[in-house]
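The values are calculated or read from the model by the stated rules, or taken from the named source; none is laboratory data. What you see is a predicted model, and the numbers here were worked out from it, not measured in a lab. Please note: Cβ atoms are built from the backbone with ideal geometry, for glycine as well, and neighbour counts cover all protein chains shown. All accessible areas refer to the heavy atoms of the entire protein, side chains included, with ligands and DNA or RNA removed. Shrake-Rupley method; radii C 1.70, N 1.55, O 1.52, S 1.80 Å.
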Amino acid sequence: MIEDYGYRGGPVEGKDAIPARVLGTWGDYYRVVCDEGEGVARKKASAFHDNPDAVVPTTGDFVSLQWNPNGESRILATLPRFSKFERTDPSSSGRKAQVIAVNFDTLFFLTSMNQNFNVRRMERFLSLGRASGAPVVVLLTKADLVYKRIQKQFLKEALKHAGDAEVHVISSLSGDGLELLKPYVQPRKTLAFIGSSGVGKSTLVNALAGDELMPTLEIRDWDDKGRHTTTERELVLLKNGTMIIDTPGMREIGMFEADAGIADAFPDVEELFRHCRFSDCRHDTEPDCAVKAALASGALAEDRWQAYLRLKAESAREEMLREKSSHRYRK
């Protein structure tokens with residue numbers, strides 16, 4: 001059974017321990033599934049509270065579990081993750097990461113084709129997503145609300161900034177474009193949906209499930225802003241065996257340790273650095289600068305270069321805040 005939930009490992013360490021997956025979290029309580037069935041679990045205090053290096057489990061995690069058929073089971077450890085999407089925790093002054101989703105095979109960034117569409121936000125999501133360890137796909141939602149020519153404009157703009165990420169136009173209500181997701185919607189595969197409130201994450205879950213599994217709300221007409229319908233991360237199992245992690249809407253995207261993702265998002269830009277005359281070229285007034293030459297010839301678009309600089313500067317600011325906060329904490 002646990003293999004049906006995407007488990008790829010073998011036996012786990014610990015007396016009477018078995019592998020399980022976290023389906024949802026509510027405070028100190030976890031809903032878990034394992035070969036023995038579904039149940040409620042809590043962390044074993046000595047395994048987590050007395051171990052500063054212990055990874056606190058979240059929705060989607062695989063854990064080592066001591067099963068109790070008559071009450072609360074005990075989580076002994078969080079097993080290694082094969083993918084992880086995280087951002088800077090808004091409440092930590094840049095010092096900590098906030099894990100949004102783990103152990104997914106594909107990460108979907110949803111943005112609706114209205115005022116929610118924001119190129120800068122998409123660039124941040126994609127940079128963090130590329131560092132997650134899984135492929136990233138952009139979904140332009142609510143195609144039923146805009147004309148075809150408007151859809152093409154949104155698609156053109158998204159493709160311009162998406163790099164090698166796939167971009168699809170879909171409507172969860174009409175079903176348009178959903179056939180493009182069939183390669184991803186497969187048994188034992190886990191998909192993670194991220195994006196702002198009101199972009200249609202829960203509606204897409206329901207469309208793929210063919211049932212009303214998740215509550216939905218209409219966006220506010222006057223400003224295209226969504227209201228939060230998903231307030232906790234939850235792993236949903238579809239009838240065909242696909243699992244979906246639906247996450248709460250995010251207004252802020254902090255660039256936590258995103259340098260690797262930025263490099264993956266802008267391989268053409270970083271390749272140019274190798275061809276500059278000086279290894280420490282600042283791409284400003286130095287002679288024989290490959291970046292300046294590419295900008296002058298049009299091989300590198302000015303807005304793409306500026307996007308790269310913005311993300312690197314934001315990542316550097318986040319790192320500086322973490323270092324300052326960590327220094328204060330040590331003192």
Leaving ligands, DNA and RNA out of it, rank MET1, MET113 by accessible area with a 1.4 Å probe, largest first. MET1, MET113
Net charge, CYS276 excluded, C-beta distance under 10 Å - Lys, Arg +1, Asp, Glu -1: +1
Kirkwood hydrodynamic radius of the stretch 58-157, Cα pairs, Å: 16.3
Among 71-80, 16-25, 278-287, the order from most to least packed when residues are scored by Cβ within 10 Å on average: 16-25, 71-80, 278-287
Per the Cα gyration tensor, the stretch 99-213 corresponds to an equivalent ellipsoid with semi-axes, largest first in Å, of 20, 18, 12
Taking 0.36 nm per residue of sequence separation and subtracting the Cα-Cα distance, how much length would be gained by fully extending the chain between ALA97 and SER174, in nm to one decimal? 24.0 nm
If you count, for each residue, the other Cβ atoms within 10 Å and average over each peptide, how do 288-301, 174-187 line up from highest to lowest? 288-301, 174-187
